[in-house]
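**Q** Let me begin by handing over the structure; questions about it come next.
The values are calculated or read from the model by the stated rules, or taken from the named source; none is laboratory data. Computed from a prediction, not measured in an experiment: that's the story for all the values here. Every residue, glycine as well, gets a Cβ built from its backbone with ideal geometry; the counts of neighbours run over all protein chains shown.
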């Protein structure tokens, strides 16, 4: 059940990442400074990478005999990380509310923890 959910969440985030990337490249180009376009691009890049991570979590879950909860936790941390990291960057660009930049490192920390949990879960539970 969880494997299918994370593959779906990964696919949806890949779709959103591509759509938001196109919006940034075409819809924001004339509206925001170059520096803010780079911030937008960083949000898209991290969303796409971690959407692939969600796909990996979903696929890995089908091979585990133990440590399933650890890998499921990694998936949820990646998803929350996308919301905090990429979401805060998108919000910063669209609203110019500077304090949103302070949220970004929390998403980054969740990404790091998620990757460590994924590795640990595979180490402990792969059959």
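**Q** Would you kindly identify the helices (runs of 4 or more DSSP H) lying entirely within region 22-107 that contain at least 1 residues that are at pLDDT 95 or above and farther than 24 Å from residue 3 by Cβ? Walk me through how you get there before you give the answer.
**A** On the way: elements: 34-61, 68-81, 87-95.
Filter on region 22-107 gives 34-61, 87-95.
**Q** Look through region 96-114, keep the residues that are buried (at least 17 other Cβ atoms within 10 Å of the Cβ) and touching a residue at least 24 places away in the same chain (Cβ under 8 Å), and return whichever of them is farthest from residue 77 (Cα to Cα).
**A** The selected residue is 107.
**Q** Follow-up. Are any residues in region 30-59 touching a helix residue (DSSP H, G or I) at 6+ places or on another chain (Cβ under 9 Å) and over 16 Å from residue 108 (Cα atoms), and if so, which ones?
**A** 32, 36, 37, 55, 56, 57, 58, 59, listed by residue number.
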